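**Student:** Once you've had a glance at the structure underneath, I'll fire off some questions.
The values are calculated or read from the model by the stated rules, or taken from the named source; none is laboratory data. Since we're looking at a predicted model, the values are computed, not measured. Heads up, the Cβs are rebuilt from the backbone with ideal geometry, glycines too, and the neighbour counts pull from every protein chain shown. Just so you know, the surface numbers come from the protein's heavy atoms only, side chains and all, with ligands and any DNA or RNA stripped out. Shrake-Rupley method; radii C 1.70, N 1.55, O 1.52, S 1.80 Å.
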Amino acid sequence: MSADLVPESRAYRHITCGSETVVGGQSFEVVSNPMSSMEQTKCSMCNAMFPISDYVWADTDENLSDYYARHTTTATDLQRLLCSKKMMVGLVAVSALAAAAGVYVLVANDDLFTRTICLLGGLMIGAFIGATLFLHVFANPITRKVCGVRDTRLLR
Ligand SMILES: [Zn+2]
């Protein structure tokens, strides 16, 4: 048994139409993550998004919303907040604005073109830093702690 081997994909079944959708890569990381605050996911047969509770894992028959609830019972409100989309959007926005403001100070006396380019660059770099901070300082470590695994794709 190589329990540490992270699976590459997993299938869920859309209860309404009965067909299975295989998720892999980043979609699998997000769907398997009970702290990702996913509300909807895609059925490849219907080619549309439906609420999480409309699906079961094909291998265990467990409803996805039950799976999320079962793996997050120990999460505190603060941990849920720190892993939420709101937190990510907030951190990205604050970080983008802070970086842009910081860069703007350096080029405040330059021409409009330089200032615009530097502002946009500052926003992008700041947003990237915010997203990285969110993942590596909040979402990933908290999710590992709450779910008890190093990768949520290992959860069953
Ligand atoms: Zn379907």
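**Student:** From the list THR76, THR116, THR72, pick out the single residue that is polar (S, T, N, Q), free of Cβ contacts under 8 Å to residues at least 12 places away in the same chain and within 21 Å of ASN140 (Cα to Cα).
**Tutor:** Among THR76, THR116, THR72, only THR76 is polar (S, T, N, Q), free of Cβ contacts under 8 Å to residues at least 12 places away in the same chain and within 21 Å of ASN140 (Cα to Cα).
**Student:** Of everything in region 91-109, what is assigned to a helix (DSSP H, G or I) and surrounded by fewer than 19 Cβ atoms within 10 Å (Cβ to Cβ)? Give them in sequence order. Steps first, answer last, please.
**Tutor:** As a first pass, look at region 91-109 and keep what is assigned to a helix (DSSP H, G or I): 91-107.
Listed by number, the residues that qualify are ALA93, VAL94, LEU97, ALA98, ALA101, GLY102, TYR104, VAL105, LEU106, VAL107.
**Student:** Looking at region 20-61, which of the residues that are aliphatic (A, V, I, L, M) and not in a loop (DSSP other than H, G, I, E, B) is nearest to the ligand (Cβ to nearest atom)?
**Tutor:** ALA48
**Student:** Considering only region 69-90, state which residues are in a helix (DSSP H, G or I) and touching a helix residue (DSSP H, G or I) at 6+ places or on another chain (Cβ under 7 Å).
**Tutor:** Passing the criteria: HIS71, GLN79, LEU81, LEU82, MET87, MET88.
Conditions tested, residue by residue: (1) closer than 26 Å to GLU8 by Cα; (2) without any contact (Cβ under 8 Å) to a residue 24 or more places away in the chain.
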residue	(1), (2)
ASN47	yes, yes
ALA58	yes, no
SER65	yes, yes
LEU120	no, yes
MET124	no, no
PHE134	yes, no
PHE138	yes, no
ILE142	yes, no
CYS147	yes, no
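**Student:** Related question: Checking LEU5 against (1) more than 17 Å from THR152 (Cβ to Cβ); (2) open to solvent by 60 Å² or more (accessible area, probe 1.4 Å): exactly one of these is not met. Which one?
**Tutor:** (1)
**Student:** Next up: Spot the failing condition for CYS17; the list is (1) of a type outside the set (D, E, K, R); (2) within 16 Å of the ligand (Cβ to nearest atom); (3) modelled with pLDDT under 95, and only one is missed.
**Tutor:** With (1) of a type outside the set (D, E, K, R); (2) within 16 Å of the ligand (Cβ to nearest atom); (3) modelled with pLDDT under 95 applied to CYS17, the lone miss is (3).
**Student:** Ok, one more. What tally of residues in region 54-79 results from selecting those that are closer than 19 Å to ARG153 by Cα and open to solvent by 50 Å² or more (accessible area, probe 1.4 Å)?
**Tutor:** Number of matching residues: 8.
**Student:** Quick check: anything in region 23-38 more than 15 Å from LEU154 (Cα to Cα) and open to solvent by 70 Å² or more (accessible area, probe 1.4 Å)?
**Tutor:** no
**Student:** Out of curiosity, is ALA131 surrounded by 15 or more Cβ atoms within 10 Å (Cβ to Cβ) and within 19 Å of VAL31 (Cα to Cα)?
**Tutor:** Criteria met by ALA131.
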